[in-house]
Amino acid sequence: MRFLSTAGRTSPVTLGEALLEGPAPDGGLFVPERLEPLNAADLATLESLPLTGIAAILGNRLFGSAVPGGEFADLIEDALDFPIPLATIEPGIHCLELFHGPTLAFKDVASRVMARLMARFATVAGDAETTVIVATSGDTGSAVAHAFSGVPGFRVCVLYPDGLVTEAQRRLFTTLGGNVTAVAVEGTFDDCQSLARDAFADGELREQRPLASANSINIGRLLPQVFYYFHAWAQLPSPPLDDAGEPLVFSTPSGNFGNLTAGLVAKRIGLPVSRFVAATNANDVVPAYLRSGDYLPRGSVATISNAMDVGNPSNFARIVHLYSSAGEPLERIRRDLSGRAFDDQATRRAMRDVHDRTGYLLDPHTAVGYLGLKAELEAQGGGTGVVLATAHPAKFTETVQAAVGIDPPTPPALERTAHLPERIIEIPAAYAALRDVLLHGG
């Protein structure tokens with residue numbers, strides 16, 4: 001398996017090169033050279049397997065043979081050592097709980113797989129210490145920081161918008177220390193992402209400090225997310241083996257759109273799903289594109305579902321590339337994807353309504369996904385739906401308390417960080433300041 005750039009101006013690269021490069025040199029994002037579809041026998045096999053078994057089989061198909069099958073299976077067993085159950089919220093609506101990992105967010109899944117893959121290839125290549133730069137709007141930073149914490153040969157630099165992540169989210173990475181550096185940027189997530197792009201474009205810096213990306217622009221963060229779409233499907237009471245029966249809809253709370261892109265890849269290789277919902281908050285650039293046909297990135301808006309506060313989602317380029325094999329992609333994207341956006345008021349109402357009716361507690365991101373799923377199923381006249389629960393409600397205690405009137409129970413992972421000292425470097429949204437941190441530390 002080789003990997004191509006969405007910009008089309010870079011020669012195909014190996015898995016190790018794609019992982020350690022991050023974005024392609026031509027400014028595009030790496031995608032698999034080919035996506036081979038599963039057949040009915042393959043699906044029947046996957047249906048009977050646990051997550052780790054599904055991941056081992058799909059990993060070979062998505063990543064190729066660069067990591068031998070037995071070695072990849074061992075890597076998966078080590079990385080995915082926590083449950084991802086499918087809970088039923090109400091008849092026909094299920095919730096894939098992706099928040100049982102060490103940082104209580106869906107990003108633990110791909111970050112832990114990616115960190116192990118990158119360490120494997122960095123060791124094979126004998127590279128000097130690599131600095132992993134990650135911009136976070138809430139959950140990515142802690143997932144990546146934990147995944148690489150203490151890993152020899154790697155340093156992690158987490159960029160986050162000062163004051164725009166919750167205390168629980170922040171403490172999960174600012175209290176680690178060691179090879180993790182937390183950098184508070186005076187600005188928005190888009191500023192953090194822009195600073196990261198500037199660093200990767202700085203050839204002189206990269207000669208002195210090998211850099212790698214751990215945002216979903218890295219192919220190693222994107223592809224492992226395919227695994228749990230199949231895992232959710234396999235846990236359904238009667239998982240369909242084709243898409244000709246009752247409609248199956250996945251709703252994905254979306255910010256930078258890596259999670260949703262992984263779902264579209266899953267469909268391309270054979271996941272029996274009818275449609276996807278790109279569920280967003282007020283940062284509705286992609287839903288607006290699906291309505292109008294015009295893609296108009298803009299500055300992000302702060303919301304209570306802060307991990308989705310992205311005004312220029314990087315992975316949109318991958319979605320367009322996935323559907324561009326036969327010309328203009330818009331209509332083909334519309335056949336697979338609906339876009340639905342909800343404001344904070346609607347999100348709070350959904351959190352309260354679901355808890356009052358069912359006792360199930362949603363975090364604000366999952367609540368946006370729930371609203372998108374309900375709207376899509378109503379528009380289709382029924383079907384089975386799965387919403388991806390992307391974070392534990394306890395990471396948003398104040399929002400949950402204001403919306404529902406209760407404090408969610410505090411998981412041990414958050415209790416451990418509550419009283420630890422934080423180590424934070426504060427910088428303006430200026431590349432010179434970040435460059436100084438990368439070269440000299442804090």
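The values are calculated or read from the model by the stated rules, or taken from the named source; none is laboratory data. This structure is a prediction, so every number in the text was calculated from the model and none was measured. Virtual Cβ from ideal backbone geometry, glycine too; neighbours counted across all protein chains shown.
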Some residue of segment 171-178 being more than 19 Å from the chain's Cα centre (by Cα), surrounded by 21 or more Cβ atoms within 10 Å (Cβ to Cβ), under 21 Å from G258 (Cβ atoms) and modelled with pLDDT of 95 or more: no
V301 being assigned by TED's automatic domain parsing to the domain that holds Q225, among the hydrophobic types (A, V, I, L, M, F, W, C) and out of contact with any helix residue (DSSP H, G or I) (no Cβ under 6 Å at 6 or more places or on another chain): yes
Wholly within segment 35-141, strands (runs of 3 or more DSSP E) carrying at least 3 residues that are under 17 Å from the mean Cα position of the chain (by Cα), modelled with pLDDT of 90 or more and surrounded by 22 or more Cβ atoms within 10 Å (Cβ to Cβ): 130-135
Count of residues meeting criterion [surrounded by fewer than 19 Cβ atoms within 10 Å (Cβ to Cβ), among the small types (G, A, S) and closer than 23 Å to H440 by Cα] in segment 142-170: 3
Helices (runs of 4 or more DSSP H) lying entirely in segment 156-236 (those with 1 or more residues that are free of Cβ contacts under 8 Å to residues at least 40 places away in the same chain, under 17 Å from A143 (Cα atoms) and out of contact with any Pro (no Cβ under 8 Å at 6 or more places or on another chain)): 167-174
Failed criterion for N256 (all others in (1) over 23 Å from A391 (Cα atoms); (2) touching a Pro at 6+ places or on another chain (Cβ under 6 Å); (3) not hydrophobic (A, V, I, L, M, F, W, C) hold): (1)
Subset tally (residues that are of a type in the set (A, V, I, L, M, F, W, C) and assigned to a loop (DSSP other than H, G, I, E, B)) for segment 241-288: 7
Filtered residue count, segment 218-256, keeping only those that are modelled with pLDDT of 95 or more and of a type outside the set (A, V, I, L, M): 14
